Amino acid sequence: MVRLRRLQLASALAVWMALTTATRAEDPPPSEIGAFVEQTAYLPHSDRQLWTERTGHDESPAQGQFGLAERINALTRGRVQLEGGYIFTYDRGEDVSVTEHALPDLLLRIGLTERLELRVGWPGYRSVDYGGDWGDLSYDETLDPNVGFMFDLWQQSGWRPQTALSAAVPIAMEDDPLVFDSLQPVAQLLYLWYLNDRWSIGGTTGMAIFEEYGDRYGQLQQSLDVDYVLSDRLGTFVQWTVLMDHGSEDDGSQHLLSAGLARLWTERFQTSLEMGAGLNQRAPDFLAALRFAYRF
């Protein structure tokens with residue numbers, strides 16, 4: 001059977017890829033704006049998919065199932081898929097507002113075997129604008145590409161969820177090979193329960209490593225998804241995401257609640273729109289992501 005899927009944000013997600021707000025010595029006071037995107041594989045790359053789910057070695061039309069199915073089911077051997085999108089975040093503190101734009105958040109997915117998928121991602125460019133009583137400031141930067149994989153571990157059996165493992169590492173563009181300029185999970189476990197033909201629930205648990213001005217620390221990433229199929233070509237989803245820093249100068253967590261729609265326009269082309277709001281002070285006030293995927 002073929003199940004439709006929604007695009008996911010990119011870490012990942014894979015992976016998610018997510019954006020981090022960096023502050024420089026000459027920058028204005030930092031905001032609590034967070035790093036959210038879900039690169040595939042999201043967490044490593046954004047990955048909300050509508051695409052067909054594999055059943056054995058074949059693909060055939062059937063009613064869709066949205067959510068984590070795409071991240072858990074690798075592309076069939078020989079298939080290639082290109083994803084990308086635009087991500088917007090906004091946060092406002094007591095005396096500063098921060099706006100971020102990121103694109104094209106590209107992810108190339110290549111099916112190597114029936115269970116193994118190669119993923120090459122490039123978050124692209126990030127533009128950050130600060131505003132406050134002291135004046136305005138903006139800067140742009142290019143984020144490092146990354147390479148990773150996703151491997152199907154096992155299918156759902158009773159209460160045991162369908163499970164997959166994904167991992168990604170950056171292709172460092174600086175002298176230090178361990179510099180992480182963007183959110184790049186080292187490893188991520190994905191799990192999913194199909195409740196019936198329309199409902200599914202799942203989640204991801206991942207770990208990322210960062211380097212910011214000599215401060216190297218880890219980050220636990222956790223998400224929970226609830227997905228519902230509206231029709232063969234349209235689905236909706238709700239997602240809760242939390243990022244928890246450990247070992248940084250300013251440990252803390254960010255919580256985000258988001259929802260969206262995904263639509264399959266043709267058998268090869270799909271889009272999704274996701275909007276979310278921060279649930280605590282450290283998280284961004286608002287996030288929006290528009291994504292596409294094309295299967296060759």
**Item:** ³J(HN,Hα), Karplus 6.51/-1.76/1.60, whole Hz, each residue of region 97-108, x for Gly, Pro
**Value:** 10, 10, 10, 10, 10, 9, 6, x, 6, 7, 9, 9
**Request:** Report the residues of region 246-277 in range of a label on Val238: point 7 Å along Cα→C-beta, backbone N strictly under 15 Å from it.
**Result:** 256-261, 275-277
**Message:** Placing +1 on the Cβ of each Lys and Arg and -1 on the Cβ of each Asp and Glu in region 69-295, which of Ala102, Leu224, Ser248 has its Cα farthest towards the positive end of the resulting dipole?
**Reply:** Leu224
**Cα-projected label distance for Arg216 with Val120, points at 7 Å along beta-carbon direction, nm** = 2.8 nm
**Request:** Determine, for Trp240, Trp265, the number of other Cβ atoms within 10 Å of each Cβ, and report the residues in order from fewest to most.
**Result:** Trp265, Trp240
**Prompt:** Quick one: length gained pulling Ser138 to Asn196 fully straight, 0.36 nm per residue minus the C-alpha distance?
**Reply:** 16.1 nm
**Message:** Starting from 0.36 nm per residue, how many nanometres of slack lie between Arg77 and Trp159 once their C-alpha separation is accounted for?
**Reply:** 26.7 nm
**Asked** If you plug each phi of region 284-296 into the Karplus form 6.51 cos²θ - 1.76 cosθ + 1.60 with θ = phi - 60°, what whole-Hz ³J(HN,Hα) values come out, in order, with x for Gly and Pro?
**Response** x, 5, 8, 9, 9, 9, 10, 10, 9, 8, 10, 9, 8
**Prompt:** Mind listing the phi-derived Karplus ³J(HN,Hα) values for region 166-171, rounded to whole Hz, using 6.51, -1.76 and 1.60 with θ = phi - 60°, and x for any glycine or proline?
**Reply:** 10, 8, 8, 10, x, 8
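Each value in this text was obtained by applying a stated rule to the coordinates, not by laboratory testing. Just so it is clear, the model here is predicted, and its values are computed rather than measured. All Cβ positions, glycine included, derive from the backbone under ideal geometry; neighbour counts span all protein chains shown.
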